[in-house]
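Below is one structure, written out as structure tokens; the observations come after it.
The values are calculated or read from the model by the stated rules, or taken from the named source; none is laboratory data. Being a predicted model, the structure only gives us computed values, none of them experimental. Neighbour counts are summed over all protein chains in view; Cβ atoms, including those assigned to glycine, are modelled from backbone coordinates with ideal geometry. Note: accessible area is taken over every heavy atom of the protein model, side chains too, but ligands, DNA and RNA are not part of it. Shrake-Rupley method; radii C 1.70, N 1.55, O 1.52, S 1.80 Å.
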Amino acid sequence: MSTRRTVVQALAAAPAALAFPSLALAQTGPVRIGYAMPRTGAMAGGAQVSQEPNFIMWAEQHNAAGGLNVKGVRRPIELMGYDDRSEVETTVRTYEKLMGSDKVDLVLAPYGSNYNFAVAPLANRFGYPLVAPSALSRKLIDMRLPYFFSMLQQPDQMMGALIDLLVAQGVKSVAILYMDDLFGLENFAALNAALKKTSIQVVERKGYPLGVKDLSPVLRTIKDQNPDAFIGITYPPDTILASKQSKEIGFNPKFFYAAVGVAFPLYKNVMGAGVDGVLGMGSWNPKTSPAAKAYFDAHVKRWQKEPDRWASGHCWAGLEILADAVAKVGLDRKAIRDHIAGNTHDTIIGKVKFSGSEISVPGSVGQWQGGDFEVVWPQGMATAALHPAKPAWK
């Protein structure tokens, strides 16, 4: 476990604190907020794009304004962040320590579906609201944990939106490649359920393990079957691998979709002009709202790079919701939970409310167009019209 990352140390106590030090510290001391996040290991690439930079920038912005508004009193944020090394066991132990023995004021969610699946019941037991920006798991939603809130649209929504788009475009055949873990299997199941309602033929269904190094054999098999669409339920390294190897073998279907990582700046940097027309998971960009544009610009200024157009926006929206709850009800975690569950929230991705753990935002599809990642489906969320045929890889 890495050394604790502290964004701000506790401020010096005011003179009035001398008489009642413990009371003054409770009222004016730092708000201790803990989390575990992959800084190393297989999941670090996505986590260090979509979550931890946003956690740090959020704390910095509040501290620059005098601290987090805790029911009218500004208190500095002290982040307690640890490297979970992309290990579920380490993640669970870290949160158990943060909530059990450290007794932090609040926690921020871990990265990814597997990690949230492991931590959410623990947070529920300790009574800590967990606003998760990167968990896609219908199983987790169906656990009905009252303290868990998912900021992302779930597999049935995301895969349903994708199939609706393909049906509207007259697609006749698809090939599917999916990660063999909770995220991949749930999205694969949702995809199959959506396809059963259509006449689209599935010419290939193939799973692969985490850490795969070569997808070219299965991609060659898929290319030989000449599907109208390719669907990859992939993580960032595999998204890039499948795209690069498809380009190498000349596999260029009319619709090429991959999941996590397509909306990352790294994908555009690696693939260059070849990103044009690629579809992927994403539901916001700077055109979504003036607040989204302000967040985007602030992120670029702070980190000298763009946020991704997938979970970063939802991560920031979740932090907005948490901060608003603390401003309204203070640090009583049950009251925070009730505020989040019972209200509609104004965020950079629009108005958000929850039904149980599930966010109200519909499933969506994004597409690279001329260097920008646009929301193209559904039409009510679209920031640009769909380009209906992917150009050749460049």
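Values computed for the structure shown
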item: Of all residues in region 358-375 being assigned to a loop (DSSP other than H, G, I, E, B) and in contact with a Ser or Thr (Cβ under 7 Å, 6 or more places away or on another chain), the one that is surrounded by the fewest Cβ atoms within 10 Å (Cβ to Cβ); result: V361
item: Members of region 239-282 found to be in a loop (DSSP other than H, G, I, E, B) and either more than 24 Å from F183 (Cα to Cα) or in contact with a strand residue (DSSP E or B) (Cβ under 6 Å, 6 or more places away or on another chain) (or both), listed by number; result: G250, F251, N252, P253, K254, A259, V262, A263, D276, G277, V278, G282
item: In region 190-212, the residues that are open to solvent by 80 Å² or more (accessible area, probe 1.4 Å) and aliphatic (A, V, I, L, M); result: L210
item: Residue in region 301-318 that is farther than 26 Å from M37 by Cβ and not basic (K, R) present; result: no
item: Selection count where residues are open to solvent by less than 40 Å² (accessible area, probe 1.4 Å) and part of a helix (DSSP H, G or I), scope region 330-357; result: 5
item: Of all residues making up region 64-122, the number that are open to solvent by less than 10 Å² (accessible area, probe 1.4 Å), in a strand (DSSP E or B) and not β-branched (V, I, T); result: 5
item: Leading residue by the ranking (modelled with the lowest pLDDT) among those in region 195-215 that are aliphatic (A, V, I, L, M) and either under 20 Å from A135 (Cα atoms) or part of a loop (DSSP other than H, G, I, E, B) (or both); result: L210
item: Breaking point among (1) open to solvent by 60 Å² or more (accessible area, probe 1.4 Å); (2) modelled with pLDDT of 95 or more, for A13; result: (2)
item: Scope region 135-180; condition touching an Asp or Glu at 6+ places or on another chain (Cβ under 6 Å), open to solvent by less than 20 Å² (accessible area, probe 1.4 Å) and more than 19 Å from Y111 (Cα to Cα); matching residues; result: V171, S173, A175
item: Residue in region 27-59 that is modelled with the lowest pLDDT, counting only those that are of a type in the set (A, V, I, L, M) and open to solvent by 10 Å² or more (accessible area, probe 1.4 Å); result: A42
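Per-residue answers, yes or no, for (1) over 23 Å from A161 (Cα atoms); (2) open to solvent by 20 Å² or more (accessible area, probe 1.4 Å):
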residue	(1), (2)
D214	yes, yes
D228	no, yes
I233	no, no
V260	no, no
